[in-house]
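These notes are about the structure you will find just below.
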Amino acid sequence: MYPIVLLSVLGIVTLFIGFSKSKNILLPAVLLFLAVALAGNFFEWNKGPLLYFYDMFRVDNLTLAFNGIVLISAFMIVAISGGFQDNAEAEPAEYYSLMLFSLVGAIMMVGFEHLIMLFIGVEILSVAMYVLTGSNKRNLRSNEAALKYFLMGAFATGIMLFGMTLLYGATGSFNLSAIQAYVSTTQQAVPSYLLYAGLLLLMIGMLFKVSAAPFHFWTPDVYEGAPTIFTTFMSTIVKTAGFAALYRLLSHSFTGIYDFWWLVVAIIAILTLMVGNIGATTQNSFKRMMAYSGISHAGYLLIALTALSKPTQNAIVFYSLAYSLSTIAAFGILMLVSKQRSFEGQPDERYDAFNGLAKENPFLAFVLTVAMLSLAGIPLTAGFWGKFMVFSSAAERGIIWIPAIAVLMSTVGIYYYFRVIIASYLKEGDIAKIRVAPFYQFVLVLATLLTILFGLAPGLLEGLF
């Protein structure tokens, strides 16, 4: 509960700091706020489960673990934002406040015990992201991305809310424990098609948020159009919160009708893997490739949800952390490289922008290589063990055919991830030496070291929750 209170208050404080004449204090202040929220998050470690806000919000070690991933990701993303100094018209206080408020929504999604709390969390997170996506007001791509995201997100939210209504009509409650009691007793004797319809509609709304196919159409355009720093925020924090919410929903309330929903999730997982991996192979833009990459990784996480076996919890937490670290590092390098030259009046975000990166910038090329290897699932990186845990969870349930297809799709992923590595090391380019700010460099080093560390010792997080 502490992060919700702290971030809500500190988000308002950030707005007031924005009134000061000097903007230089803003970035350190926001980093301090996030560090305080992260420290407050673990005050309740091993004290749960605890219920707050009239039993609508649940705090346990799993909630705190996901909160930790969200807050660490936010800290690293803010650290590489550079205070939005590249945009002379930017009002950093507004952007940082929206980011802090969106984290409140993400944390509500992670720990909800009541469907209304889930809805509030989704709306707080989504509205902030709509605004941040269109924050580059003079860029038509950014405006288009924000409009698409808003319109499709509004429809998805309406579908999700209708699903909640049907669940209430079937069970008489929005509380997860009450829904679980209904499903485990009444549902065993008399199937309720109202319950089935409500669950499907609720899942559709949530699957939109995590970019699962066939609800993924917004993702490439929004990722490409949004400012890169907010694309990074969206691709990590929104996805982590979305899968934490889906896991809590299905594992806590709907295990009694597992036979009904598991095949639906399995089909969506396979479709998501195929759309994401095959779609990424045809892209020339690095940001669009990362968008389809994010879709494919949603498919891998859906495999763990499909299984819902004992290793599923560890698999989702570890995979979310590994994916977030690699994605932040990859987009961090893109933000540095894309400024070196322009394409069609915009920073160059194509694969060609990385040509010859290793010649003058070996450190940046190495960080980018580790990130791509991890996303591809190559051994000795955190991404490899993330996929291994996901596949193991499905195998423990006895579902072998889904991991088999996923392994095949992983080989497709190697192609488009290695295109970036090949461009960095084997192609000729004219990238000059790039100056990297010390703290920016620290974040890249931290993301890379953690990716390698968890690749060498994946058991460090095991048993914490």
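Read-outs throughout are calculated quantities, based only on the coordinates presented, and are distinct from any laboratory measurement. Keep in mind that this is a model prediction, so the values were computed, not measured. Reconstructed Cβ throughout: ideal geometry from the backbone, glycine too, with neighbour counts over all protein chains shown.
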_Charge dipole magnitude, Cβ of K and R +1, D and E -1 - the chain, Cα centre, debye nearest 20_ = 420 debye
*Would you mind ranking 177, 320 by Cβ crowding within 10 Å, fewest neighbours first?*
177, 320
_Can you work out the Karplus-derived ³J(HN,Hα) for every residue in the stretch 62-76? Use 6.51 cos²θ - 1.76 cosθ + 1.60 with θ = phi - 60°, whole Hz, and x for glycine or proline._
5, 4, 5, 5, 5, 4, x, 4, 4, 6, 5, 4, 4, 4, 5
*Kindly flag which residue pairs out of 137/287; 23/137; 209/287 have an alpha-carbon separation exceeding 29 Å in this structure.*
none
*Okay, helix-only estimate at 222 nm for the chain: each DSSP H run of n ≥ 4 adds -39500 (n - 2.57), divide by all residues, round to 500 deg cm²/dmol; what do you get?*
-24000 deg cm²/dmol
*Rounded tilt (10° steps) of 438-456 against the dominant C-alpha axis of the chain*: 50 degrees
*asked:* Helix 193-209 against the longest principal axis of the chain: what's the angle in degrees, Cα atoms only, rounded to the nearest 10?
replied: 10 degrees
*Per-residue HN-Hα couplings for the stretch 267-277 [Karplus 6.51, -1.76, 1.60; θ = phi - 60°; Hz; x = Gly/Pro]*: 5, 5, 4, 5, 4, 5, 4, 5, 5, x, 6
*Using unit Cβ charges (K, R positive; D, E negative) and no other charged atoms, how large, in debye to the nearest 20, is the dipole of the stretch 347-465 about its Cα centre?*
60 debye
*Taking only Cα atoms, what is the 0 to 90° angle, nearest 10, from helix 26-41's long axis to the longest principal axis of the chain?*
30 degrees
*Based on the mean of other beta carbon atoms within 10 Å per residue, what is the order of 364-371, 392-399, most packed first?*
364-371, 392-399
*Just list whichever of 239/433; 339/427; 339/387; 359/387 have alpha carbons separated by over 23 Å in the model shown.*
239/433; 339/387; 359/387
